[in-house]
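None of the figures in this text is laboratory data; all of them are computed from the coordinates on show. As the structure is a prediction and not an experimental result, all values here were calculated from the model. Using ideal geometry, Cβ is built from the backbone for each residue, glycine included, and neighbour counts are taken over all protein chains shown.
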Amino acid sequence: MLIRVLGSGAGGGFPQWNCNCGNCRRLRRGEINAQPRTQSSIAVSSDGTKWVLFNASPDIRFQLEANPPLQPKEGVRDTGIGAVVLIDAQIDHTTGLLILRESNRPLELYCADPVYEDLTSGFPVLTMLEHYCGVNRHPVPLDGRAFRIPGFPDLQFSGHALKSKAPPYSPHRNDPYPGDNIGVVVEEISTGRKLYYAPGLGEIEPHVFEAMQQVDCLLVDGTFWTDDEMAQVGSPKKAREIGHLPQSDTGGMIEVLDRVPEKTRKILIHINNTNPILDEDSPQRRRLIDAGIEVAYDSMEIEL
């Protein structure tokens, strides 16, 4: 199985356009050992030719230009993207669908019911696309049942609900529904190799931890280092309140990943611009290295 990290940052990317936090300021000045990051998205393939896109960030055009395997190869209009799977309905994971409107065929879109409802009501991206390429929407089951995507005979997928929050524009923002945010296991049938992808992960429920134990690679929520990290930019919001499990706190992601089999590759993705792990010389980054945890970066290639 081939995995391309198209974007590894959280909403706004790194540096964020209006942010003057220590990380963003130092990156602009060349005073930090860090890499710029676009907003979170990955692509998965079994043959290196046709790809399933997970999330479509506002940066999708730049991400495709930076990753030749997903670029056109035949005909006047072509793409390596065969289908799109949405993890949630957040702006930073769905706005890129509008960039894909020039497709010469309807987008094959897989998402849970609450995501579809949000994207046809509070943020009607899918309604807008009906005036362009159109969308063939396919529901993602949330009970762990495997589903297949036509054109990808060697891949199967299974999803489950995660505890998180719907976007601010969702009609049920304060009334969470199962499926507002999902985790997905991708299995390559011929090899049995498995990936677990969950860029937004607010709580390690039993079914989540069970899935994490059974895969070869984890690409999971690395948004914040501490629960109160956003305080440095004047926000009263805590990491857990907005659906993200911080890394360093008691019961945080580092402790969770320490209970995952050592042979499993552990990678953090969806890194917020305020997170000190972006500084590759920081003690926080050293702590991750010592724990056997990697930090995703744009155009990172993973082969399972």
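As a test, work out the antiparallel percent of DSSP beta bridges whose residues both lie in region 168-225, rounded to the nearest 5.
Of the beta bridges lying entirely in region 168-225, close to 50 percent run antiparallel.
Give the residue from 134, 283, 182 lying farthest towards the positive end of the charge dipole for the chain; charges sit on Cβ (+1 for Lys and Arg, -1 for Asp and Glu) and the dipole is referred to the Cα centre.
Going by the Cα projections, it comes out as 134.
Given a cut-off of under 8 Å on Cα pairs at least six residues apart, what relative contact order in percent is computed for the chain?
Working: 703 pairs, mean separation 57.8, N = 304.
So the answer I get is 19 percent.
Counting Lys +1, Arg +1, Asp -1, Glu -1, what net charge surrounds residue 166 among other residues with beta carbon under 13 Å of its beta carbon? The partial results should precede the final answer.
Details: positive: 163, 165, 173; negative: 88, 113, 117, 118, 175, 180.
With Lys, Arg at +1 and Asp, Glu at -1, the net is -3.
Please report how many Lys pairs in region 138-241 have alpha carbons closer than 22 angstrom, counting only residues at least 8 apart along the chain or sitting on separate chains.
Total qualifying Lys-Lys pairs in region 138-241 comes to 4.
Run the reach check for residue 263 against aspartates and glutamates, Cα to Cα strictly under 19 Å, same-chain hits fewer than 8 apart removed. What comes back?
187, 188, 210, 216, 255, 290, 294, 301, 303
Which Cα, out of 152, 273, 257, lies furthest along the positive dipole direction of the chain (beta carbon charges, K/R +1, D/E -1)?
273
So which GluC sites (Glu not before Pro) in region 244-281 pass both tests, a DSSP loop state and at most 10 other Cβ atoms within 10 Å of the Cβ?
Here the GluC sites (Glu not before Pro) that fit, given the DSSP loop and packing criteria, are 262.
Mind sorting 297, 110 by how few other Cβ atoms lie within 10 Å of their own Cβ, fewest first?
Lowest count first: 297, 110.
Checking the a/c ratio against 1.5 first, then a/b against b/c, what shape does the Cα gyration tensor give for region 167-304?
oblate
In nm, to one decimal, how far is the residue 237 label point from the residue 133 one, both placed 7 Å along Cα→Cβ?
A separation of 2.9 nm, rounded to one decimal place.
Could you run the Karplus curve 6.51 cos²θ - 1.76 cosθ + 1.60 with θ = phi - 60° over region 297-304 and give me ³J(HN,Hα) per residue in whole Hz, x for Gly and Pro?
3J(HN,Hα) across region 297-304, in whole Hz: 9, 4, 6, 5, 10, 10, 10, 10.
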